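All remarks here apply to the structure that follows.
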Protein chains: 2
Amino acid sequence: MRRSSEDTKAVILTAARERFAADGYEKATIRAIAADAEIDPSMVMRYFGSKDKLFAAAAEVDLRLPDLTALPRETVGAALAAHFLDRWEEDEGMMILLRTGVTNEVVAERMRGIFAAQLGPPAAALCGDPAQAPARAGLAASQVLGMALCRYVLRLPPVVALSREEIVHWLGPTLQRYLTE
Amino acid sequence: MRRSSEDTKAVILTAARERFAADGYEKATIRAIAADAEIDPSMVMRYFGSKDKLFAAAAEVDLRLPDLTALPRETVGAALAAHFLDRWEEDEGMMILLRTGVTNEVVAERMRGIFAAQLGPPAAALCGDPAQAPARAGLAASQVLGMALCRYVLRLPPVVALSREEIVHWLGPTLQRYLTE
DNA sequence: TGGCGTTGTCAACACCCGTTGGCCTACAGT
DNA sequence: ACTGTAGGCCAACGGGTGTTGACAACGCCA
């Protein structure tokens, strides 16, 4: 046997993540993914069952938020901005979710769940009033996702031109205000 | 003849805008648009030539920004936030562009042009330094588009629950800072 | 060496898409 | 009343999609 089953499964998954991140669910065809993986399309079906299941496997995402309550309170905004920039550049899972969540209700629901589960608790811990926490988490999400949209997806030139430090400088106070003031 | 040529063309365009806004370019099929308009798919081709041209006709957008320099300088942030909320709720063109610009390079380029041409000049007029203007316009775009993404596209429940006044209250100072400070 | 399960290939199915051309139908002008 | 034309419908083409099943090559184990 040329390769182990697990090996080719990993090769397919890597190719799938790249295609889904670049093209979104609809335009990323199984044939194209298989071609990238230098393999037959039927192998994708054998190992993942269906395009839906392949996407589900490719779209597993963890925000990996640090423990914001362990930081000096006045630095959480900048820390969040810096963390999301890193996360977005090292994990194509972010792009996968955003590129298809915009036109796919199932994926949108998944994004809602991720942000509620992972951004909600730290927001609640930071702002005193638990009733305000979800709104504040939502506001922070709007700025973080908006930056990602403009910089990595739409690639607005002035936003792409910003350095990491500049973005942290501008978004830090915004997130700080949304979460703690 | 049942209807005038212009009438059915308008009916098709209305149906197309709704479908494109709801589903994006790929998932909005000509057959579905024609069914909504209660007409044969071939009529769409006769009146608009191709799906691409139909989309181009459906995706004409004008931000209709007010003259920000005519307002008291300390109110431009809130004015911008309020204006974009209105614009987003009354014109499905915004949704059309966002839903397909995310996975379509041609439409993304169109969005870049719209924001550069329409948000750039007011930003340059507001902040003293012309060299900083594009970056500031880009930052404002990131917050405005991020809010639209979370509220109207992804429908994050806490963001949907926010009232118009609350959004203006939270985004106003952010946009004010991006544009004028 | 002979068998057998695993890995991979090939061809095809059934479906949906954008698009096309021919045909029908109803009105306007004479 | 007849005809020309414009609005509308129908059936089909060619291509691409996800998915399936039969078949071939390889390497382990007895």
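The values are calculated or read from the model by the stated rules, or taken from the named source; none is laboratory data. Not measured: the values here are computed from a predicted model. With ideal geometry, Cβ positions are generated from the backbone for all residues, glycine too; neighbour counts draw on all protein chains shown.
Filtered by the rule that a residue be outside any helix (DSSP H, G or I) and basic (Lys, Arg), region A:1-25 gives A:2, A:3. Only helices (runs of 4 or more DSSP H) whose full extent lies in region A:111-180 are considered here, and the ones with at least 1 residues that are outside the structural domain of residue A:20 (by TED's automatic domain parsing), more than 21 Å from the chain's Cα centre (by Cα) and farther than 22 Å from residue A:75 by Cα are A:157-161. Against the criterion of being surrounded by 24 or more Cβ atoms within 10 Å (Cβ to Cβ) and under 22 Å from residue A:26 (Cβ atoms), residue B:149 qualifies.
Listed here are the residues, each with its yes/no results for (1) assigned by TED's automatic domain parsing to the domain that holds residue B:13; (2) free of Cβ contacts under 8 Å to residues at least 60 places away in the same chain; (3) crowded, with 20+ Cβ neighbours inside 10 Å.
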{"position": "B:49", "(1), (2), (3)": "yes, yes, no"}
{"position": "B:52", "(1), (2), (3)": "yes, yes, no"}
{"position": "B:72", "(1), (2), (3)": "no, yes, no"}
{"position": "B:76", "(1), (2), (3)": "no, no, yes"}
{"position": "B:83", "(1), (2), (3)": "no, yes, no"}
{"position": "B:90", "(1), (2), (3)": "no, yes, no"}
{"position": "B:96", "(1), (2), (3)": "no, no, yes"}
{"position": "B:103", "(1), (2), (3)": "no, no, yes"}
{"position": "B:108", "(1), (2), (3)": "no, yes, no"}
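Among the candidates B:10, B:37, B:22, B:15, the residue that is surrounded by 21 or more Cβ atoms within 10 Å (Cβ to Cβ), at pLDDT 95 or above and under 21 Å from residue B:94 (Cβ atoms) is uniquely B:15. Here the condition is being surrounded by fewer than 18 Cβ atoms within 10 Å (Cβ to Cβ), out of contact with any Lys or Arg (no Cβ under 8 Å at 6 or more places or on another chain) and either among the basic types (Lys, Arg) or part of a helix (DSSP H, G or I) (or both); of B:31, B:64, it holds for B:31 alone.
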